[in-house]
Amino acid sequence: MEKTISARFLEIQEQVENQIKSLSYNQPVEIVAVSKKQPIDKIQEALESGHRHFGENFLQDAENKWPHLKTQFADAKLHFIGHIQSNKVKQITEMFDVVETIDRKKIAKAFADEMEKQQKNLKFYIQVNTGNEEQKSGVSINELEDLYNYCVNELKLHICGLMVIPPADEYPGPHFALLKKLAKQLGLDELSMGMSEDFEEAIQFGATSVRIGTKLFGIRES
Ligand SMILES: *Cc1c(COP(=O)(O)O)cnc(C)c1O
């Protein structure tokens, strides 16, 4: 029989706790359950077992599930972790609590304007393209400081930390280490890094938030 979502969730929580214990410093690590392309009953099960932080990549996919789920679980917190198109900023602002993928000034400005209109205050991470991959979202390392200063000084956005998706074909450790170093240089505390396959490693490198999809919910619907 397939394990229940709550059993898997407990297992992941335990693995996270074990990693934290092995560190020389004590720090809490938040688990963001990545529910993109997962059926609503599995997400419902995670909510019923008490989980509250969820990550979604695609606006339409999220819109198909969350308005319904939020009627029962109004305190669920949604993280947008996908590539952002400027024509989606309005709806993302309406629906989400945290946006992890700020990577250019135009999008940052669009959120600042939209939040003022909606009288909302979201929390943001800047996504960094540590691998300098051409097709990948994320600001380049060279442009990070300028983008950060613009977000904080001119737009007054609440930037809590940095986020990374390391290149799929590389050992992720150096990317995690680099993200931590960049965050420290900017005086930022939060690091969103690590997915199903490498979250334990990410915690060793200082992750404060891990994004876990398949390990929690199983293989995604395509
Ligand atoms: C899909 C996705 C995840 C989750 O990936 P898994 O390997 O299923 O855990 C995490 N972060 C981002 C940005 C994603 O797009």
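Could you sort 54-61, 39-46 so that the peptide with the highest average Cβ count within 10 Å comes first and the rest follow in order?
By packing density, highest mean first, the sequence is 54-61, 39-46.
Taking 0.36 nm per intervening residue step and subtracting the Cα-Cα distance, what contour gain separates Lys181 from Glu145 on full extension?
Full extension from Lys181 to Glu145 adds 11.7 nm.
Of the listed peptides 196-209, 131-144, what is their order by residue-averaged count of other C-beta atoms within 10 Å, with the highest listed first?
196-209, 131-144
Separation of region 189-222 and region 24-91 by C-alpha centroid, Å?
Using only Cα atoms to place each centre, the spacing works out to 14 Å.
For Lys106, which lysines qualify as cross-link partners when the Cα separation must be under 23 Å and same-chain residues fewer than eight apart are set aside?
Lys88, Lys90, Lys117, Lys120, Lys123, Lys136, Lys156
First check a/c for the chain, with a ≥ b ≥ c the square roots of the eigenvalues of its C-alpha gyration tensor; if it is under 1.5, answer rounded, and if not, answer prolate when a/b is larger than b/c or oblate otherwise.
Taking the square roots of the gyration eigenvalues as a ≥ b ≥ c, the chain is oblate.
Aspartates and glutamates near Lys65 by alpha-carbon distance under 12 Å, same-chain residues fewer than 8 away left out - which ones?
Answer for Lys65, where 12 Å is the Cα cut-off: Asp41, Glu56, listed by chain and number.
None of the figures in this text is laboratory data; all of them are computed from the coordinates on show. Quick caveat: nothing in here was measured; it's all calculated off a predicted structure. Counting neighbours? That spans all protein chains shown, and the Cβs are built from the backbone with ideal geometry, glycine included.
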